[in-house]
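Below is one structure; the comments refer to it alone.
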Amino acid sequence: MAAVKKIPMRTCLGCGQMKPKKELIRVVRTPAGEIALDTTGKKPGRGAYICPDVQCLRKARKAGRFQKNLDCPISEEIYADLERELEGYEDR
């Protein structure tokens, strides 16, 4: 009998729903302190997850969840970059 493979679940910072890790996008704070989207899910650093939806990014931003989870201040420029990258990701 084959073992049942466990699917890792993560919570979206925007909508708060638990989803399989592969359905979410990781936002990572690298050891150098940069904030970036991690579409591979393998970059080193502290990660936080959001749905591939700009609305979830905006909700998480408004509530300050990224700053709390990534444990660092996040500038408006970084949010704008993340939003642009997410819009490009949605178009795929």
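The values are calculated or read from the model by the stated rules, or taken from the named source; none is laboratory data. The structure displayed is predicted, hence computed values, not measured ones. Neighbour counts are summed over all protein chains in view; Cβ atoms, including those assigned to glycine, are modelled from backbone coordinates with ideal geometry.
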**OP:** Go through the residues of segment 40-63 one by one and say whether even a single one is of a type outside the set (Val, Ile, Thr), in contact with a helix residue (DSSP H, G or I) (Cβ under 8 Å, 6 or more places away or on another chain), over 20 Å from Lys19 (Cβ atoms) and at pLDDT below 90.
**Re:** no
Subject >> Residues (touching a Leu at 6+ places or on another chain (Cβ under 7 Å) and either closer than 11 Å to Leu70 by Cα or surrounded by fewer than 17 Cβ atoms within 10 Å (Cβ to Cβ) (or both)) located in segment 14-34 >> reply: Val27, Arg29
**OP:** Determine the pairs where a residue that is closer than 9 Å to Gly47 by Cα, located within segment 19-37, has a partner that is at pLDDT 90 or above and of a type in the set (A, V, I, L, M) with Cβ atoms under 7 Å apart, the partner being 6 or more residues away or on another chain.
**Re:** Val27/Ala48; Val27/Ile50; Arg29/Leu70
**OP:** Output the number of residues of segment 51-73 satisfying the condition of being in a loop (DSSP other than H, G, I, E, B), in contact with a Gly (Cβ under 9 Å, 6 or more places away or on another chain) and over 13 Å from Arg26 (Cα atoms).
**Re:** 1
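Please determine, by comparing only the residues of segment 74-83 that are touching a helix residue (DSSP H, G or I) at 6+ places or on another chain (Cβ under 7 Å), under 17 Å from Thr30 (Cα atoms) and not hydroxyl-bearing (Ser, Thr, Tyr), which one is surrounded by the most Cβ atoms within 10 Å (Cβ to Cβ). It would help to see each step written out before you state the result.
Here is the first cut: in segment 74-83, the residues touching a helix residue (DSSP H, G or I) at 6+ places or on another chain (Cβ under 7 Å) are 74, 79, 82-83.
If we keep only those that are under 17 Å from Thr30 (Cα atoms) too, we end up with 74, 79, 82.
Of the ones still in play, those that are also not hydroxyl-bearing (Ser, Thr, Tyr) are 74, 82.
On the way: Ile74: 16, Leu82: 22.
Restricting to residues being touching a helix residue (DSSP H, G or I) at 6+ places or on another chain (Cβ under 7 Å), under 17 Å from Thr30 (Cα atoms) and not hydroxyl-bearing (Ser, Thr, Tyr), the top hit is Leu82.
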